[in-house]
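These notes are about the structure you will find just below.
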Amino acid sequence: MQFGIFSVGDVTTDPTTGQTPSEHERIKAMVAIALKVEEVGLDVFASGEHHNPPFVPSSPTTMLGYIAAKTEKLILSTSTTLITTNDPVKIAEDFAMLQHLANGRVDVMMGRGNTGPVYPWFGKDIRQGIPLAVENYALLHQLWREENVDWQGRFRTPLQSFTSTPRPLDDTPPFVWHGSIRSPEIAEQAAYYGDGFFANNIFWPKEHFQRLIELYRERYAHYGHGTPEQAMVGLGGQVFMRKNSQDAVREFRPYFDNAPVYGHGPSLEEFTEQTPLTVGSPQEVIEKTLAFRETFGDYQRQLFLMDHAGLPLKTVLEQLDLLGEEVVPVLREEFAKNRPAEVPDGPTHAALVTARAQADEQADRQGDGQAREKEEVAK
């Protein structure tokens, strides 16, 4: 199991003080959070991609490249790379470059984006969101695996004998997650390529995401990548902790009530009952997170959203201390218990390189066997 933090990079006024961080302060805070993630022993830091206020991470690879230079073990990811409005050629180049700078500690999460105005800003039509996601990723997948690409589609100019540079590190593309909160087509896409599926289940009831994950697992097996249990699944989550639950609820309530994403809607109690949001003690976070396995099966990556809704940096860093010291060690131990041997670990560059080498070796053996058969037939 891999554990980490994802950030949407929102610039939100602290409702308890009335203070709003500057964009500069928010960007620096995200970097400080990423460094703290490694310090407390977590595995992954992931940044969103947004091109509209009140968000700052418009260039995730720039931020992740900077963090890569300041960390040693941390896996650097996106929590959304907009496969719909970004040029697949630029995605291929940017993330291959980041791979080299980070010595392979990189993966990427593809998403369509939910902000309607962003599409026309980049010359796209939101009504074509699904077709764009399907076509653009098909091209990206090819660019990372073939040196000379001839390609023609609906949404960009054709390519003739095009080579994306730099090539992926060790000839091994970054691991790809396909993130979705509602679209079965994206679960199907992840299954078709044998990629990971990330259910960002922070807003809707678990039954909705259970259906998406079950579809992904079934189709992963259908396409011959392995058993349903071997499919790569990631989950989102939201937590706020204090030593006792009453203090956590009292402190977090004004942030919840005024947050742009869910304030002025369901009560905090209703939201925690219906979604993965946990506001309470470390033990309550442990219990609710462990229950995810009962709903979704064994999975590979758990990311938490913790730096949103105007929470000050000092508070977020305190949360990460609790997560790293009291929560994640227990989760690692408990999730490891009774975990079937066939369930894979979370993806790493080293594991992908090994798997690629084994696949190439198997293909060579099959080729040699076919050649010998032909020789026998000729004789």
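Considered as a group, the residues in the stretch 105-136 that are farther than 21 Å from Glu93 by Cα and among the aromatic types (Phe, Trp, Tyr) include one that is farthest from the chain's Cα centre (by Cα), and that residue is Trp121. When residues in the stretch 282-302 are screened for being open to solvent by 20 Å² or more (accessible area, probe 1.4 Å) and not in a helix (DSSP H, G or I), 3 of them pass.
Report yes if some residue within the stretch 10-21 is part of a helix (DSSP H, G or I) and open to solvent by 50 Å² or more (accessible area, probe 1.4 Å); otherwise report no. No, that holds for no residue.
Tell me which residues, restricted to the stretch 76-95, are surrounded by fewer than 23 Cβ atoms within 10 Å (Cβ to Cβ) and out of contact with any helix residue (DSSP H, G or I) (no Cβ under 7 Å at 6 or more places or on another chain).
Applying the first criterion (surrounded by fewer than 23 Cβ atoms within 10 Å (Cβ to Cβ)) to the stretch 76-95 yields 85-87, 89-90, 93-94.
Answer for the stretch 76-95, where residues must be surrounded by fewer than 23 Cβ atoms within 10 Å (Cβ to Cβ) and out of contact with any helix residue (DSSP H, G or I) (no Cβ under 7 Å at 6 or more places or on another chain): Asn86, Asp87, Lys90, Glu93.
Filter the stretch 340-368 for residues that are of a type outside the set (A, V, I, L, M, F, W, C) and over 28 Å from Asn103 (Cβ atoms); which is least open to solvent (accessible area, probe 1.4 Å)? Restricting to residues being of a type outside the set (A, V, I, L, M, F, W, C) and over 28 Å from Asn103 (Cβ atoms), the top hit is Gly367. Per the listing Lys36, Lys73, the residue uniquely open to solvent by 40 Å² or more (accessible area, probe 1.4 Å), among the basic types (Lys, Arg) and modelled with pLDDT of 95 or more is Lys73. Taken as a whole, the structure leaves Tyr223 outside the set of residues that are modelled with pLDDT of 90 or more, of a type in the set (Ser, Thr, Tyr) and surrounded by 17 or more Cβ atoms within 10 Å (Cβ to Cβ). Candidates Ala29, Ala68: the one that is surrounded by fewer than 23 Cβ atoms within 10 Å (Cβ to Cβ) and either among the acidic types (Asp, Glu) or out of contact with any strand residue (DSSP E or B) (no Cβ under 8 Å at 6 or more places or on another chain) (or both) is Ala29.
Filtered by the rule that a residue be touching a residue at least 60 places away in the same chain (Cβ under 8 Å) and part of a helix (DSSP H, G or I), the stretch 26-54 gives Ala29, Met30, Ala32, Ile33, Lys36, Val37, Glu39. Output the qualifying pairs, or none if there are none: Cβ atoms under 7 angstrom, residues six or more apart or on different chains, first residue in the stretch 143-159 and free of Cβ contacts under 8 Å to residues at least 60 places away in the same chain, second residue of a type in the set (Asp, Glu). Correct list of pairs: Gly153/Glu135; Arg154/Glu135; Phe155/Glu135.
Scanning the stretch 254-279 for residues that are assigned to a loop (DSSP other than H, G, I, E, B), more than 14 Å from Thr16 (Cα to Cα) and not polar (S, T, N, Q) yields a total of 9.
The residues of the stretch 200-220 that are assigned to a helix (DSSP H, G or I), open to solvent by 50 Å² or more (accessible area, probe 1.4 Å) and under 19 Å from Arg301 (Cβ atoms), listed by number, are Lys206, Gln210, Glu214, Leu215.
Just one of the listed residues (Glu251, Glu318) is modelled with pLDDT of 95 or more, more than 21 Å from Ala336 (Cβ to Cβ), assigned to a helix (DSSP H, G or I) and in contact with a strand residue (DSSP E or B) (Cβ under 8 Å, 6 or more places away or on another chain), and it is Glu251.
The values are calculated or read from the model by the stated rules, or taken from the named source; none is laboratory data. Just so you know, these numbers come straight off a predicted model, no measurement behind them. Every residue, glycine among them, receives a Cβ derived from its backbone with ideal geometry; neighbour counts consider all protein chains shown. Just the protein is used for accessible areas: all its heavy atoms, side chains included, with ligands, DNA and RNA removed. Shrake-Rupley method; radii C 1.70, N 1.55, O 1.52, S 1.80 Å.
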